[in-house]
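For reference, the structure discussed in these notes is given below.
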Amino acid sequence: MDRLELAEFLRSRREALQPEDVGLPRGPRRRTRGLRREEVAELSGMSTDYYARLERGKGPRPSEQMAAAISRGLRLSLAERDHLFLLTGLGIPGRVLRSEHISPGLMRILDRLQDTPAQIMGSVGETLVQTPPAVALFGQQTHYTGLARSNVYRWFTDPSSRLIYPAADHAANGRVFTAQLRRVAAQQGPHAQAAALARRLLDESEEFAAIWNDHQIGLTFTDEKRLVHPEVGELTLHCQILLDPDQAHALLTFTATPGTDSYDKLQLLSVIGNQRLSSRPAGRSETS
């Protein structure tokens, strides 16, 4: 790990990033060139102290997860992300890790949706990043590890993952999840992540195996989604999807028709989510 070179690289990328680039207000009294350290730490989901030590050349070597989080927080390009990994001594990420890097353009769109439930998903249903309203709506989904990172895997192995959806929709959702996994597995090939996930689910879930053996393809979710939130009850939302074909990522946004009961509930959830964030100790997060 080249601590001094890493520190200089992080500082240069932070100073080049403006508050407007990440959806933050500049404010009349800002003197810092670029972003503040605490802002990058918050965007990266880590403590300010941890990030500050890296910039001073005194921090421990980040794990792959932390390095990836920093690259997202600093809105690095794929080449810059690879350079960051080299400086940390981790080496250039493999194909799977590289596929989880979110393009700066897609992150900039997400930055401007901080008042909207929105999240960026990977090819097998990994939630890579969420806006605060998305966390209030779906719960924190970025902390899972291993196979549980995939919402398809959780759907068939963790009954609690279904509670956000009405019971009447469970059978249809399971068929769509399975059909989508089959499509991705065919695209990626038998040695890729999607195929390995399917093989694991065939061993672990009789329900998945039964649906898989029906060989259904071409099934998709409708734009209208019904959700059941434990605090505000049932909502009917519209889901729009923006695809990034280069990285096989999808940006999902959830909105409600103004004037409806679901719209009012979504506004209430935003307030609840902000209250939870404001009660969090300063400079800390789940991944620090």
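Just so it is clear, none of the values below were taken in a lab; they were calculated from the coordinates. Everything numeric in this text was worked out from a predicted model, so none of it was measured. Glycine gets a Cβ as well: all are built from the backbone with ideal geometry, and neighbour counts include every protein chain shown.
The modelled label-to-label distance between Val228 and His170, using points 7 Å beyond Cα along the C-beta direction, is 0.9 nm. Counted by neighbouring Cβ atoms within 10 Å, the residues Thr220, Thr88, Thr260 run from fewest to most as Thr220, Thr260, Thr88. Kirkwood hydrodynamic radius computed over region 106-278 comes to 16.9 Å, based on all pairs of distinct alpha carbons.
The amide H of Val129, built 1.01 Å from its N in the peptide plane, has Ile120 as neighbours under 5 Å, considering only residues 5 or more places off or on other chains. Each residue of region 191-198 is assigned a 3J(HN,Hα), and the resulting list reads 9, 8, 4, 5, 5, 5, 5, 4 Hz, derived from the Karplus form 6.51 cos²θ - 1.76 cosθ + 1.60 (θ = phi - 60°), x at Gly and Pro.
For region 32-48, putting each phi into the Karplus relation 6.51 cos²θ - 1.76 cosθ + 1.60 with θ = phi - 60° gives couplings of 5, 6, x, 8, 7, 4, 5, 6, 5, 4, 5, 5, 8, x, 9, 6, 4 Hz, in residue order, rounded to whole numbers and with x for Gly and Pro.
With only Lys, Arg, Asp and Glu charged, each at its Cβ (+1 for the first two, -1 for the last two), find how big the charge dipole of the chain is about the Cα centre; round to the nearest 20 debye.
My answer is approximately 1060 debye.
So if R0 is 41 Å, what FRET efficiency would Arg53 and Asp115 give, r being the distance between their Cβ atoms, rounded to the nearest 0.05? Given R0 = 41 Å and the Cβ-Cβ separation, E is 0.80. Set the Förster radius R0 to 35 Å, insert the Cβ-Cβ distance between Glu5 and Glu204 as r into 1/(1 + (r/R0)^6), and round the FRET efficiency to 0.05. With a Förster radius of 35 Å, E is 0.20.
Applying 1/(1 + (r/R0)^6) with r as the Cβ-Cβ distance of Gln240 and Asn213 and R0 = 30 angstrom yields a FRET efficiency of 0.35.
Sort Lys225, Lys58 so that the residue with the fewest other Cβ atoms within 10 Å of its own Cβ comes first and the one with the most comes last.
Values: Lys225 17, Lys58 10.
Least to most surrounded, the residues fall as Lys58, Lys225.
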